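What follows is a set of notes on a single structure, which appears directly below.
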Amino acid sequence: MRRLIALVGLCLCAAAPLRAQTIEDQVSSFQLDNGMDVVVIEDSRAPAVVHMVWYRAGSADEQAGVSGVAHFLEHLLFKGTEKLEPGEFSEIVKANGGRDNAFTSFDYTGYFQRIAADRLGLMMEMEADRMKNIQLDREDILTERDVIIEERNQRVENDPGALFREQRMAAQFLNHPYGTPIIGWRHEMVGLDLDDAMAYYEQFYSPNNAVLVVAGDVNAGDVLEMAQEHYGPIPKNEALPDRARPSEPPQMAERRITFTDPRVAQPYVTRTYLAPERDPGDQRSAAALTLLAQVLGGSQTSVLPQKLQFQEKSSVYSSAFYSGLSLDDTTFGLVNVPVPGVSLDQAEADLDRVIAEFLETGIDPEQLDRIKFQLRASQVYELDSASSLARRYGAALTSGLTLEDVHAWPDLLQSITPDEIIATAKEVFDRDKAVTGFLRGSEEVTQ
């Protein structure tokens, strides 16, 4: 069995660079005269296509006092335009055998349809229409505002873990808007109105602030021709502001929070550190942190679960988490969920002890090789999904990265050494740039 695994790994690692090069050859990029970026990923294995429009604007680009307006507007774009009645957009997609949806993040807002390849022109026509021609009235605003408030009730207010995460993020970012929840603070959401939505729409929804990603059974030249036909006539926003956010001041003191809620069935402790993101042309630290998260908590064979869950049996779950795909500084996090009878104070001490031991002893090279193999395999498998590929490029380009950065990332991960990971960990694990949080239930044991 070991020989079989080794042989499969050798073949996959040997094939991966060729497959990655093939994918790069299938990616074309253009820019329309109005500034809209276009990325085409050709894949003819199925007669389907994913059509996505990404705006370089998310919740972190909102004006102060109107938190949640980016997500609010995402909902409102499914209302009518000058050509389409409310709800007609999605009905047309469905009638043509496709599906559509949208999403909002800190750094971008995206709209997508997955549909038969011969319907791509229709999707572009409708998406271009709502880029500049939405028609909203006060009734639309009131109805959809109730919808997003109810969404917050279900996803946040009814979940003490979600409320705890909001408080942790607000403590983590002293000045940057990543400290404000994407869905918005409830007391500001209830006041969102038509003027707020239209101000955000008119400022950010324009072709020179958008990335069109088309992946599937298409020809790049045909896609460019269709994009010029449907998106090309839309004028650019000459007043589009530079993408500048409030920056973080020097963080010089650890913050600690305790959130107590009787609904909490399983208390736990977390710590998040301010950490670098993937920067254009400079992704090495982010790659080291990506691997660090896997080494510490990516699976049951990782450092934290092995020590705390299986050897000492003091934890029911422990892990590490990091996502470097962010326009500005992000976070690296640790979590430990103790077994009943172990206090959160002890759980924190256990977490600190294991991390200290890890930094002293270093990384098992065989473990790192396994992790790199698994990452390479997952990247190869992702090539089979047009939707995953479209998201890979869209999220990167709207988070400040380039096509070159996207293409360099898989090999960059493979090149990171154990010493680099430890050095990056020591730099990031700075308690003055950290938030330690306890989520307690009413019966949580104290020590």
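The values are calculated or read from the model by the stated rules, or taken from the named source; none is laboratory data. This is a predicted model, so every value here is computed, not measured. Ideal geometry is used to build each Cβ from the backbone, glycine not excepted, and the neighbour counts take in all protein chains shown. All accessible areas refer to the heavy atoms of the entire protein, side chains included, with ligands and DNA or RNA removed. Shrake-Rupley method; radii C 1.70, N 1.55, O 1.52, S 1.80 Å.
Rg over Rh of segment 171-231, using C-alpha atoms and the Kirkwood radius, what does it come to?
Radius of gyration over Kirkwood radius for segment 171-231 works out to 1.18.
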Report the rotationally averaged projected area of segment 236-346 based on its alpha-carbon convex hull, in square nanometres.
11.0
With +1 on the Cβ of every Lys and Arg and -1 on the Cβ of every Asp and Glu, the dipole magnitude of segment 268-339 about its Cα centre, in debye rounded to the nearest 20, is 360
Say the dipole of the chain comes from +1 at the beta carbon of Lys and Arg and -1 at that of Asp and Glu; which of 232, 358, 412 then lies farthest toward its positive end?
358
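Students often check this: by mean Cβ neighbours within 10 Å, which of 371-380, 222-231 ranks highest, and how do the rest follow?
222-231, 371-380
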Please work out whether segment 117-264 counts as rounded, prolate or oblate from its C-alpha gyration tensor, where a ≥ b ≥ c are the square roots of the eigenvalues and a/c under 1.5 means rounded, while otherwise a/b larger than b/c means prolate and anything else oblate?
prolate
Positive-end residue, segment 60-99 charge dipole about Cα centroid, Cβ charges, pick of 75, 86, 96:
96
For segment 85-152, listing trypsin sites (Lys or Arg not before Pro) in a DSSP loop whose Cβ sees at most 13 other Cβ atoms within 10 Å gives none
Counting lysine pairs in the chain that sit 8 or more positions apart or on different chains, with Cα atoms under 16 Å apart, gives 4
So how strong a dipole does the chain carry about its Cα centre when Lys and Arg Cβ are +1 and Asp and Glu Cβ are -1, to the nearest 20 debye?
1440
Before rounding to the nearest 500, sum -39500 (n - 2.57) across all DSSP H runs of length at least 4 in the chain and divide by the residue total; then give [θ] at 222 nm in deg cm²/dmol.
-13500 deg cm²/dmol
What number comes out for accessible area per residue over segment 244-333 if the probe is 1.4 Å? Units Å², please.
45
Accessible surface of the chain, 1.4 Å probe, proportion on carbon and sulfur as whole %
50
Given a 10 angstrom Cα cut-off, can you work out which residue in 292, 351, 412 is the most mobile in a GNM of the chain?
412
Hey, if you put +1 on the Cβ of every Lys and Arg and -1 on every Asp and Glu Cβ in the chain, which of 54, 301, 276 ends up farthest toward the positive end of that dipole?
301
Taking θ as phi - 60°, what are the ³J(HN,Hα) couplings along segment 250-256 by the Karplus curve (6.51, -1.76, 1.60), each to the nearest whole Hz, with x for Gly and Pro?
x, 8, 10, 8, 5, 10, 10
Solvent-accessible area per residue, Å², over segment 72-119 with all protein chains present [probe radius 1.4 Å]
44
Given Cβ point charges of +1 (Lys, Arg) and -1 (Asp, Glu) and nothing else, what value in debye, to the nearest 20, does the dipole of segment 181-311 about its Cα centre take?
1100
